[in-house]
Amino acid sequence: MFRRILPTNIKVFNNRYIVYVPKHKPPDHKDIEILRSFLVKHDKILILTGAGISTESGIPDYRSEEVGLYARSNHKPIQYQEFVKYPKVRQRYWARNFVGWPRFSSVQPNDTHLAIRELEKIGKVTSIVTQNVDRLHHKAGSENVIELHGTGYIVKCLNCPYEIDRHELQDKILKNNPSIQSNFTMIRPDGDVDLSKEQVDNFRVPLCPKCEGPLKPDIIFFGDNVPKQRVELVRSKVSDSDAVFVLGSSLTVYSSYRIILQAREENKEIAILNIGPTRADDIAHIKVSTKCGDILPELCTAIKV
């Protein structure tokens with residue numbers, strides 16, 4: 001049994017309904033049977049998840065048609081080189097992230113995260129590789145999670161080994177910025193929100209207490225590279241699996257797409273469950289286009305019977 005703990009496509013801010021899940025068709029019997037057979041057939045599945053599963057918890061993705069962040073605004077995600085080079089960029093980022101953090105960190109896992117955990121419990125999953133930085137897999141109880149693009153829950157110094165829990169840093173930032181506040185209607189995939197120029201200019205940026213260097217969330221920003229050790233770990237997990245199941249990812253970013261390329265080279269069966277097209281549609285053996293939360297819990301129930 002799966003308990004729906006949050007609406008899966010609607011969030012309410014300031015009495016406004018905001019839909020983050022793009023339009024999609026409901027799953028049909030054929031879709032369910034194809035994926036059920038896939039799950040029954042394989043006992044060593046690597047699951048690769050993307051922003052499409054977090055939209056069901058109320059975190060928007062970047063690219064979805066009509067409802068993604070790019071469609072809703074002209075916002076562009078933070079670039080690694082700009083963050084490293086320019087103090088003003090760091091000030092803007094940290095001000096927005098500080099205000100957005102309470103909402104971002106309070107988001108809860110949805111039916112898809114819980115269903116993935118159930119697949120783990122019955123021994124179907126070797127690893128969960130997620131592109132998401134929201135830690136919703138951890139909140140759902142999943143254990144073998146590799147955060148491909150890092151996490152917003154850890155912050156590190158760019159100049160020394162210092163690191164700090166994001167919740168602890170939030171308290172420290174608040175002491176230095178007691179008056180900052182914002183009325184916002186949408187958090188972004190990386191957790192920040194819109195602020196006025198005056199709010200940003202008056203914001204006191206957190207610095208490393210050890211060396212006074214710049215602090216950065218342990219997230220792979222656009223333009224940065226996934227650490228080699230993590231890449232190799234993922235490669236080994238793909239090799240140790242007999243199939244790859246993609247959930248809620250368009251695979252646009254190469255760091256995720258190369259997982260599928262490796263799976264093809266090693267003759268692993270590839271299944272994709274995602275609303276809309278993906279970069280690997282011509283590679284996958286199975287492609288079902290519908291919302292993950294509408295089909296995965298039912299699949300888990302079916303294969304456990």
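The values are calculated or read from the model by the stated rules, or taken from the named source; none is laboratory data. The structure presented is a predicted model; accordingly, all values stated were derived computationally and were not measured. Please note: Cβ atoms are built from the backbone with ideal geometry, for glycine as well, and neighbour counts cover all protein chains shown.
Assorted remarks:
- The condition of being over 10 Å from R96 (Cα atoms), among the hydrophobic types (A, V, I, L, M, F, W, C) and modelled with pLDDT of 80 or more holds for only one of V155, V200, that being V155.
- Residues of segment 58-97 satisfying the condition of being at positive phi and at pLDDT below 85: E66
- Among residues of segment 163-179 that are among the polar types (S, T, N, Q), none has a beta-carbon under 6 Å from a residue that is loosely packed, with under 10 Cβ neighbours inside 10 Å at least six positions away or on a different chain.
- A Cβ distance below 7 Å, combined with a sequence gap of six or more or placement on separate chains, defines the contacts here; from segment 44-62, residues that are closer than 15 Å to R103 by Cβ and aliphatic (A, V, I, L, M) reach residues that are surrounded by 24 or more Cβ atoms within 10 Å (Cβ to Cβ) and modelled with pLDDT of 95 or more in the pairs I59/D134.
- Scanning segment 129-156 for residues that are under 20 Å from S105 (Cβ atoms) and of a type in the set (V, I, T) turns up T130, V133, V145, T151, I154, V155.
- Number of residues in segment 113-142 that are more than 27 Å from K216 (Cβ to Cβ) and either free of Cβ contacts under 8 Å to residues at least 24 places away in the same chain or touching an Asp or Glu at 6+ places or on another chain (Cβ under 7 Å) (or both) equals 5.
- Going through (1) part of a loop (DSSP other than H, G, I, E, B); (2) under 23 Å from N225 (Cα atoms) one by one, I128 falls short only on (1).
- Which numbered condition N15 fails, given (1) more than 17 Å from the chain's Cα centre (by Cα); (2) under 29 Å from S179 (Cα atoms); (3) at pLDDT 70 or above: (3)
- For segment 203-242, filtered to residues that are touching a helix residue (DSSP H, G or I) at 6+ places or on another chain (Cβ under 6 Å) and in a loop (DSSP other than H, G, I, E, B), the residue that is surrounded by the most Cβ atoms within 10 Å (Cβ to Cβ) is F203.
- Qualifying residue in segment 92-110 (condition: under 21 Å from L233 (Cβ atoms) and crowded, with 24+ Cβ neighbours inside 10 Å): no
- Checked against (1) under 18 Å from I128 (Cα atoms); (2) touching a Pro at 6+ places or on another chain (Cβ under 9 Å); (3) basic (K, R), R258 passes all but condition (2).
- Within segment 256-276, being out of contact with any Leu (no Cβ under 7 Å at 6 or more places or on another chain) and either at pLDDT below 95 or hydroxyl-bearing (S, T, Y) (or both) holds for I275, G276.
Residue by residue, here is whether (1) more than 20 Å from the chain's Cα centre (by Cα); (2) of a type in the set (F, W, Y); (3) within 13 Å of T49 (Cβ to Cβ) holds:
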| position | (1), (2), (3) |
| --- | --- |
| F245 | no, yes, yes |
| S255 | no, no, no |
| R258 | no, no, no |
| E265 | yes, no, no |
| I272 | no, no, yes |
| I275 | no, no, no |
| T290 | no, no, no |
| G293 | no, no, yes |
| E298 | yes, no, no |
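- Residues satisfying the stated conditions in segment 133-163, i.e. in contact with a helix residue (DSSP H, G or I) (Cβ under 8 Å, 6 or more places away or on another chain) and in a strand (DSSP E or B): V145, I146, G152, Y153, I154, V155
- Among (1) at pLDDT 95 or above; (2) crowded, with 17+ Cβ neighbours inside 10 Å - the single one V253 does not satisfy: (1)
- Of the numbered criteria (1) crowded, with 19+ Cβ neighbours inside 10 Å; (2) at pLDDT 95 or above, the one D190 fails is (2).
- Residue match in segment 272-280 (condition: surrounded by fewer than 17 Cβ atoms within 10 Å (Cβ to Cβ) and in contact (Cβ under 8 Å) with a residue 60 or more places away in the chain): yes
- Selection within segment 117-162 - within 14 Å of the chain's Cα centre (by Cα) and hydrophobic (A, V, I, L, M, F, W, C): I128, V129, V133, L136, A140, V145, I146, L148
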